[in-house]
Amino acid sequence: MTASQPSPSQAPPFITALRCLRCGREYAPEEIEYVCSCRPNQGSDLGTLDVQYDYQAIQQAANPAQIAGDPDPSIGRWWPLLPIARRESLSPLAVGGTPLFHARRLGEAIGLPRLFIKDDGRNPTASLKDRASAIAVARAQEEGRPIIATASTGNAAAALAGQCAAAGQENIIFVPKSAPQAKIAQLLIYGSRVLAVDGSYDDAFDLCVAACQEFGWYNRNTGYNPYMTEGKKTVSFEIAQQLAGGGEAPFQAPDAVFVSVGDGCIIGGVHKGFKDLLALGWIDHMPRIHGVQSTGSPALYRAWRQGRELPEPVQATTRADSISVDAPRDAVKALNAVRRTGGAFLAVPDAAILKAMLPLARQAAVFAEPAGAAAYAGLLRALADGLIQPHETVVVIVTGSGLKDVKAAMEVTGGVTVIPPTLEAVREALKA
Ligand SMILES: *Cc1c(COP(=O)(O)O)cnc(C)c1O
Ligand SMILES: [Zn+2]
């Protein structure tokens, strides 16, 4: 590959190394781009890299009070902890800074007075993926890469498309042709070149890796590009800051977090974010992290139950398209997130996922896409299993907006009744 690497002067200042989670080898940041050379490059066994930071140097450069007082609510406020050389490299399409609601009505209904919802559907392209794509585009711009590509179930691509439009960056997207219309519409309207693959997400993933190798494009693929975790971790930074309240140091970690899981990159990012804060001494404990999968796409849930190091691939069939994955690509980070924090994986049927959209919308006013509602369905499961105590502070991360998949909302509500334009018809309808 003819990748132009960043020169030292434009390297992110606080990154010390990239460490392979498979063989332990450490690389200098300019030495490697995606995955370790030990990788057999099949399915979930990728040789994923973890980005390492000099926390002492970061403590000299930043502190919680100063960050909390930053007038910019977007992820730029965390830039010493981001893998970019300059804060200004982030595109003008600001991501992050999403609300953390104290969901009192919903929480009381299930006996959890301290239930909070992090509504990441309120990012610019309406999913948490904006946090990662912002980093991908900033890095591509810093390195002067002409084209970025990604494979995606839809949201990562929509996020990349939006960031590229904001930055004027050319991009090519591989999605399974079955991706929901709204997500494909986002790609088209932002002007991406879209290749709808007649195959699964996993097929699109492998094709994108091969095309990037062939044509020298910058690859944003989840679980392959190590820096995507570093964007996604900002959701944990925000949760800890928002739970602390008025901007005073230190930040505060919840007792438990729930997040839905496909490839495992988001949950790995959630873990990394809290680990960073703990290493800096900015929080005093780790939350237990809970990963929620559909019983129709349970590769990581099964690996966790069976005590396996890596998941066996499944034939994913879930209706929650964003978490429909045969061979999770960020398996090591995902399993570490749950195992090292004393959390759990939960598997919930699609019917429970769709049903969870209703209380989220009706008692907390958060309209989630199925993969977003899955996290709440997982919390209900965990409550039933006795994994959560009533006094605990619990955060459910809603990863994507319900407007992404209007069909699911119509299905779960039963849709509308059409009436003729007469008062008689209104009377009849009220009786029903
Ligand atoms: C991508 C995505 C997920 C799953 O994230 P992974 O990193 O694949 O585990 C969950 N919810 C939504 C809305 C997503 O877009
Ligand atoms: Zn390795």
Going highest first, how would you order 250-259, 352-361 by mean Cβ packing within 10 Å?
250-259, 352-361
In Å, the Kirkwood hydrodynamic radius of the chain over pairs of distinct alpha carbons?
21.7 Å
Quote the Stokes-Einstein diffusion coefficient, in whole µm² s⁻¹, for segment 284-418, based on the Kirkwood radius over alpha carbon pairs, a temperature of 10 °C and a viscosity of 1.306 mPa s.
103 µm²/s
Peptides 203-213, 419-429: what's the order by average Cβ count within 10 Å, highest mean first?
203-213, 419-429
Return the inverse of the average 1/r over all pairs of distinct C-alpha atoms in segment 16-64, which is the Kirkwood hydrodynamic radius, in Å to one decimal.
11.9 Å
Which three numbers, in whole Å and largest first, are the semi-axes of the equivalent ellipsoid of segment 210-263 derived from its Cα gyration tensor as √(5λ)?
34, 13, 6
Below 14 angstrom from the Cβ of residue 167, what's the summed charge of the other residues (Lys, Arg +1; Asp, Glu -1)?
-1
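Among 184-191, 219-226, how do they line up from the highest to the lowest mean number of other beta-carbon atoms within 10 Å?
Highest to lowest by the protection proxy: 219-226, 184-191.
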Segment 291-365 -> Rg/Rh from Cα coords, Kirkwood Rh, value 1.02
Average projection area in nm² (convex hull over Cα atoms of segment 44-164, one quarter of hull surface)
10.6 nm²
Helix axis angle, 201-215 relative to the chain longest principal axis, alpha carbon, degrees
30 degrees
How big is the gap, in Å, between the Cα center of segment 321-349 and the Cα center of segment 77-124?
21 Å
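With n ≥ 4 as the cut-off for DSSP H runs, can you work out [θ] at 222 nm for the chain, using -39500 (n - 2.57) per run divided by the number of residues, rounded to the nearest 500?
Value at 222 nm, helices only, nearest 500: -11000 deg cm²/dmol.
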Calculated FRET efficiency for the pair residue 351/residue 102, C-beta based, R₀ 22 Å, to 0.05
0.15
Give me the net charge of residue 38's neighbourhood, meaning all other residues with Cβ under 9 Å from the Cβ of residue 38; Lys, Arg count +1, Asp, Glu -1.
+3
Need the C-alpha centroid separation for segment 15-43 versus segment 151-220, integer Å.
24 Å
Using the 4.7 Å Cβ rule, please list in number order the cysteines from the chain without any candidate partner.
164, 208, 212, 265
What pairs in 118/407; 333/355; 233/355; 129/333 have C-alpha atoms more than 20 Å from each other?
118/407; 333/355; 233/355
Which value results for Rg/Rh of segment 119-274 when Rg is the Cα radius of gyration and Rh the Kirkwood radius based on the inverse mean 1/r?
1.00
Please give the helix 350-364 orientation as an angle from the longest Cα principal axis of the chain, in degrees from 0 to 90, rounded to the nearest 10.
80 degrees
If you take every residue apart from residue 157 with its C-beta less than 10 Å away from the C-beta of residue 157, what net charge results, scoring Lys and Arg +1 and Asp and Glu -1?
+3
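Every number in this text was worked out from the coordinates using simple rules, so none of it is lab data. Keep in mind the model is a prediction, meaning the values are calculated, not measured. Reconstructed Cβ throughout: ideal geometry from the backbone, glycine too, with neighbour counts over all protein chains shown.
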